[in-house]
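The values are calculated or read from the model by the stated rules, or taken from the named source; none is laboratory data. Everything numeric in this text was worked out from a predicted model, so none of it was measured. Cβ sites come from the backbone with ideal geometry, for glycine too, and all protein chains shown count toward neighbours. Protein only, heavy atoms only, side chains kept; ligands, DNA and RNA dropped before computing areas. Shrake-Rupley method; radii C 1.70, N 1.55, O 1.52, S 1.80 Å.
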Amino acid sequence: MSRGRAWTQALADGGVSGGVPSLITADLTLGDDIARILAVVPDPHSPYHRARRGEVGLREGLALASEVTRTVAEDAHLPDERHRPIIALVDLPSQAYGRVEETLGIHQTLAAAVDAYATARTAGHPVIALIVGTALSGGLLAHGFQANQILALDDPGVLIHAMHKQAAARVTLRTVAELEELAGRIVPLSYEVTDWAGLGLCDELLTVENAGAPADGDVRKAKDALTAAVARARRGPRDLSNRLDSPGARRTRAASRRVREALTSQWD
């Protein structure tokens with residue numbers, strides 16, 4: 001069982017469901033809220049063979065956009081403080097790489113998912129990402145990276161980066177060993193979740209007993225962390241400015257902050 005499915009089933013109030021086999025959804029009680037969980041999971045029988053191991057492909061992008069948009073529409077008549085939290089539970093190897101996907105417009109389906117999440121966030125839905133496994137490349141950008149708050153398990157099985165190591169080695173004309181050596185000195189090159197959190201992109205790291213098969217204590221800890229993250233999201237800005245204003249970002253992303261300040265001054 002994938003980590004995404006294991007954690008969704010462990011956190012859910014009841015059973016899980018989904019319009020397509022590779023996207024499962026469930027309800028989760030967090031304090032006074034009933035949150036909506038969405039997780040992309042492997043579908044070995046998918047007609048798109050590049051999206052059989054949990055990648056975010058054509059169907060997954062559209063399914064995410066549909067589920068998030070439906071949640072926003074159903075809550076549109078409620079006051080902002082009653083808009084349901086949306087939990088993006090993340091365990092995916094990447095977006096789907098393939099000629100079929102490129103021909104049929106995977107960039108548009110993933111953009112639809114991003115737009116839906118951003119619309120939900122700006123409409124007042126607390127969007128929380130909980131990364132329990134691999135979170136790489138366009139898959140994370142489509143499912144999770146638009147969140148107000150990002151939580152991650154502090155576990156060796158959690159990998160967050162723009163590329164797989166082998167792909168990064170080919171692009172940079174280096175060996176994997178050379179990249180790993182550089183990662184020890186250049187934080188953005190590291191695949192360690194603790195280093196990634198140090199960039200200011202992660203709001204909390206959770207230490208659990210069993211990341212692959214969560215125990216009762218792990219589930220309680222995750223629910224408590226998600227409840228606190230929802231409260232922070234409701235108090236905080238609806239844009240993503242907190243990622244550059246966090247203590248970690250102020251330490252490690254000084255150049256990014258200066259570039260944005262220069263662009264803002266020129267724009268004004």
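Selection of segment 13-71 for residues being within 17 Å of the chain's Cα centre (by Cα), open to solvent by 10 Å² or more (accessible area, probe 1.4 Å) and at positive phi yields an empty set.
When the strands (runs of 3 or more DSSP E) confined to segment 17-72 are screened for residues that are closer than 21 Å to V100 by Cβ and at pLDDT below 95, those reaching at least 1 such residues are found at 17-20.
Of all residues in segment 184-233, which are of a type in the set (K, R) and either touching a strand residue (DSSP E or B) at 6+ places or on another chain (Cβ under 7 Å) or under 21 Å from L38 (Cβ atoms) (or both)? Scanning segment 184-233 gives K221, K223, R232. Considering only residues in segment 190-222 that are part of a helix (DSSP H, G or I) and open to solvent by 60 Å² or more (accessible area, probe 1.4 Å), the one that is nearest to G248 (Cα to Cα) turns out to be T194. Evaluation of R232 against the conditions (1) open to solvent by 30 Å² or more (accessible area, probe 1.4 Å); (2) over 14 Å from I150 (Cβ atoms); (3) not small (G, A, S) shows that the sole unmet condition is (2).
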